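Okay, structure first, notes after.
The values are calculated or read from the model by the stated rules, or taken from the named source; none is laboratory data. Please read these numbers as outputs of a predicted model, since none were measured by experiment. Backbone-built Cβ (ideal geometry, glycine too); neighbour counts: all protein chains shown.
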Amino acid sequence: MFIPTKAMSMLLALLAVGFASPTPELAARSEPYNTVMINPSGGYCVLAPRIPGMPIAVSGPSGATQSYCNHPTGGQGQMPPNFWTPTLRANQGIHGGPYVQLTGCINPSALGLNPNDPGGQYNSNGRFGEPGNPRGSACAGYNSYVEIIEPNHRRACMRCCQDPADCLIRHETAGCPANIPGDYTGCE
């Protein structure tokens, strides 16, 4: 008959706690202020510069971004209701994985964006092995995302994908219509 000693009991208790703790793979991938989101029932969060007037292309690499949501929870900014009126689309990607996207026109000044800024992109995939732009950003519930904001064209787009291949930017400087086709009627 096996009778555990006090030391053995403590070791087993520590192991049980260790196995019950979340692993890095199961833990949250991103802080709320660094997370985008598309909820088909109408909630969404986008990344944008924290500093009014800061160029989008500068804000991501410098980590000066903030998540703005139409229904914020903890750590996120309130998106002004007149910033974006997006069109939602859900579909299956090139390998059958689901994706959701938002496209549409924006009011740059409502969020403090420079209306002359040609814009830029945020993404979770990074380039050349980098960990995303901004570092560590993610889309809630998806493996990958890409977001483009073009204040000078008064448009924005965002796609969250299970398969990172569906969130690639193929024409980096071509903007939303070339990379995330959708409804941009009346933006310019």
>> For the list (1) more than 17 Å from the chain's Cα centre (by Cα); (2) touching a residue at least 12 places away in the same chain (Cβ under 8 Å); (3) under 17 Å from GLN66 (Cβ atoms), I need the number of the one condition that GLN121 fails.
In response: (1)
> For the stretch 47-74, what are the residues that are hydrophobic (A, V, I, L, M, F, W, C) and in contact with a Cys (Cβ under 8 Å, 6 or more places away or on another chain)?
Replying inline: CYS69
> Going through the stretch 91-108 one residue at a time, which ones are of a type in the set (A, V, I, L, M), within 16 Å of the chain's Cα centre (by Cα) and over 10 Å from GLN162 (Cα atoms)?
Replying inline: LEU102
> When the stretch 153-168 is examined, which residues are found to be out of contact with any strand residue (DSSP E or B) (no Cβ under 6 Å at 6 or more places or on another chain) and either touching a residue at least 40 places away in the same chain (Cβ under 8 Å) or part of a loop (DSSP other than H, G, I, E, B) (or both)?
Replying inline: ASP163, ALA165, LEU168
>> I'd like the residue in the stretch 75-131 that is among the polar types (S, T, N, Q) and in contact with a Cys (Cβ under 8 Å, 6 or more places away or on another chain) and, out of all such residues, is surrounded by the fewest Cβ atoms within 10 Å (Cβ to Cβ).
In response: GLN78
> Of all residues in the stretch 160-176, which are touching a helix residue (DSSP H, G or I) at 6+ places or on another chain (Cβ under 9 Å) and farther than 15 Å from TRP84 by Cα?
Replying inline: CYS160, CYS161, LEU168, ILE169, ARG170, HIS171, GLU172, GLY175
>> Filter the stretch 42-66 down to the residues that are within 16 Å of PRO81 (Cα to Cα) and modelled with pLDDT under 95 and list them by number.
In response: GLY42, GLY43
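Which is more than 18 Å from GLN162 (Cα to Cα) and either assigned to a helix (DSSP H, G or I) or over 16 Å from the mean Cα position of the chain (by Cα) (or both), of GLY75, GLY60?
Going through GLY75, GLY60 in turn, the sole match is GLY60.
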>> Can you find a residue that is modelled with pLDDT under 95 and hydrophobic (A, V, I, L, M, F, W, C) anywhere in the stretch 101-122?
In response: no
> Pick from the stretch 132-147 the residues that are crowded, with 23+ Cβ neighbours inside 10 Å and either of a type outside the set (Ser, Thr, Tyr) or not in a strand (DSSP E or B) (or both): which of them is modelled with the lowest pLDDT?
Replying inline: ASN133
> Are any residues in the stretch 96-114 within 20 Å of ASP183 (Cα to Cα) and either of a type in the set (Gly, Ala, Ser) or assigned to a loop (DSSP other than H, G, I, E, B) (or both), and if so, which ones?
Replying inline: GLY104, ASN107
> Within the set of pairs 6 or more residues apart or between chains, which connect a residue that is under 10 Å from PRO134 (Cα atoms) inside the stretch 39-64 to a residue that is β-branched (Val, Ile, Thr) and part of a loop (DSSP other than H, G, I, E, B) with Cβ atoms less than 9 Å apart?
Replying inline: SER59/ILE51; ALA64/ILE51
